[in-house]
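So the structure is just underneath, and the comments pick up after that.
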C-alpha cells in the first residue's frame, strides 16, 4: 500500500486514536503493539479504500491533546463518524497476527467441499427445525411502504 495515503500527522493521529481505543492490557497487545498505524492501517485501506476519505476527515479534526474526550464527543454527537473511526481501527487491528493470535482468531476460513451430502441437510439434521417452522419474515418499513403502494395502485 502506498504509505503516502496519509501524512505523517494523520498517521500520528491514527496512532494516538488507536492507542486510545485499544490501549495496552497485560494480556493483550495495544493498537501500537499490534502494528496498527505502522503497517496494518495501510493493509486495511488496500481492502477498503472507499472509507479512506471519511477516516481522514475524522482524524484531521481530532483533538489529539484530549483523544478520549474527542472519541467520547464523536460517539455522542456523530455516531456514524464514530462507527467509521472504530471500524477502521478495529479492522486494522484484526489484520495483525499479534492481535489475531491473542484473540485466537484465525480469520475466515473456508471449508473444503467434496460434493458429498452435508449432514445438516439430511432428514434428522440441523435444518429440520427450520423446515418445520416454515417461511417467516418480519416486514421492514421499506416492504410495508412498497406493499401499501401496490395496494393503492391495484397491483398485487
Original post:
Roughly how tilted is helix 8-21, in degrees to the nearest 10 and between 0 and 90, from the longest Cα axis of the chain?
Top reply: 60 degrees
Subject >> Nearest 10 degrees, 0 to 90: helix 141-153 Cα axis against the chain principal axis >> reply: 50 degrees
Original post:
So how far apart, in nm, are the two label points at residue 12 and residue 106 if each is 7 Å from Cα heading toward Cβ?
Top reply: 4.2 nm
Original post:
Sorted by average packing, counted as other Cβ atoms within 10 angstrom per residue and highest first, what order do 70-81, 92-103 take?
Top reply: 92-103, 70-81
**OP:** Place the peptides 82-90, 57-65 in order of packing, highest mean first, counting for every residue the other Cβ atoms within 10 Å and averaging per peptide.
**Re:** 82-90, 57-65
Original post:
Using 0.36 nm per residue, how much length does the chain from residue 60 to residue 118 gain when fully extended, once their Cα-Cα distance is taken away?
Top reply: 15.8 nm
Original post:
Rounded to the nearest 500, what is the chain's calculated 222 nm mean residue ellipticity when only DSSP H runs of at least 4 contribute -39500 (n - 2.57) each, over all residues?
Top reply: -16000 deg cm²/dmol
Original post:
So how tilted is helix 67-77 from the main axis of the chain? Cα-based, degrees 0 to 90, rounded to 10.
Top reply: 40 degrees
**OP:** Just check region 49-140 against the gyration tensor rule for me: Cα atoms, a ≥ b ≥ c as the square roots of the eigenvalues, rounded for a/c under 1.5, and otherwise prolate or oblate depending on whether a/b exceeds b/c.
**Re:** prolate
**OP:** Run the quick spin-label model on residue 25 and residue 78: label points 7 Å from Cα toward the beta carbon, then report their separation in nm to one decimal.
**Re:** 2.8 nm
Subject >> Whole-number Å³ per residue for the convex hull built on Cα positions in region 3-103 >> reply: 93 Å³
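Just so you know, all these numbers are worked out from the coordinates, no wet-lab data involved. None of these values were measured; they are calculated from a predicted model. Counting neighbours? That spans all protein chains shown, and the Cβs are built from the backbone with ideal geometry, glycine included.
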